[in-house]
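Colleague: Mind having a look at this structure? Questions to follow.
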């Protein structure tokens, strides 16, 4: 049994990254999600099809559970291998760095900067 409570705990700071995606404007968030979907498809074109029947339809606690497109993309990542998760995390970090405003919390910026040295948590 995995010692990680949530799928995204395998990648350091991924939960913060997910929270930061929520803070983007709807337009920026949709654009980012579209690019993440392209990354997923280019890495493993059948990932979603292979696992869609395993997606939880009951959970509606998180922000992305209420957005069908975000829900599809982020639930797809639940089944990604560590290589794909790392690629997606680094891509998101690069994109968020462009969108983070001056009033973003310093702690959040520091966490995102640390993502550049991402590691898979055993």
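Colleague: Please arrange 93, 51 by how many other C-beta atoms lie within 10 Å of their C-beta, fewest to most.
Modeller: The order, fewest Cβ neighbours first, is 51, 93.
Colleague: To continue, here is another question. May I ask you to derive the FRET efficiency for residue 52 and residue 94 from their Cβ-Cβ distance with R0 = 22 Å, giving the value to the nearest 0.05?
Modeller: Calculated transfer efficiency: 0.20.
Colleague: Among 84, 74, which comes first, then next, by fewest other beta-carbon atoms within 10 Å?
Modeller: 84, 74
Colleague: If you rank 35, 27 by fewest surrounding Cβ atoms within 10 Å, what's the result?
Modeller: 27, 35
Colleague: How far, in nm, would the chain grow between residue 9 and residue 41 when pulled straight, counting 0.36 nm per residue and subtracting the alpha carbon separation?
Modeller: Answer, rounded to one decimal: 9.3 nm.
Colleague: Report the full-extension gain for the segment residue 61 to residue 81: residue separation times 0.36 nm, less the Cα-Cα distance, to one decimal in nm.
Modeller: So the extension gain works out to 4.8 nm.
No lab work stands behind these numbers, since they all come straight from the coordinates. Model, not experiment: these values are computed from the prediction. Note that each Cβ is placed from the backbone with ideal geometry, even for glycine, and that neighbours are counted across all protein chains shown.
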